[in-house]
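The structure appears right after this line, and notes come after that.
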Amino acid sequence: MVYNSYVIYQSIEAAQAVWEAMALLPDGCINFTNVHFISDEAAAANLELARLKAAILSSAE
């Protein structure tokens, strides 16, 4: 948790995509330092990258 921070999501879908991405990866893999707005496109791209990284991490085990 980061105190005194905020993020504005373009839509509920963007927020859901970001939360799903965070759930897929270990803590600390996603860094939102100085991020205050997440568009639908950015959220979708981050989710796609998180899915790819999660697949790579699971295959390495």
Item to complete: Out of Ala23, Ala14, Ala44, Ala55, report the one residue that is assigned to a helix (DSSP H, G or I) and in contact with an Asp or Glu (Cβ under 6 Å, 6 or more places away or on another chain).
Response: Ala14
Fill in: Residues (farther than 21 Å from Val7 by Cβ and out of contact with any helix residue (DSSP H, G or I) (no Cβ under 8 Å at 6 or more places or on another chain)) located in segment 33-61
Leu52, Ala55, Ile56, Leu57, Ser58, Ser59, Ala60, Glu61
Worksheet item: Of everything in segment 17-50 that's of a type in the set (Gly, Ala, Ser) and within 26 Å of Glu61 (Cβ to Cβ), which residue is surrounded by the fewest Cβ atoms within 10 Å (Cβ to Cβ)?
Response: Gly28
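Every number here is computed from the coordinates shown, using simple stated rules; none is lab data. Computed from a predicted model, the values in this text were never measured in an experiment. Cβ sites come from the backbone with ideal geometry, for glycine too, and all protein chains shown count toward neighbours.
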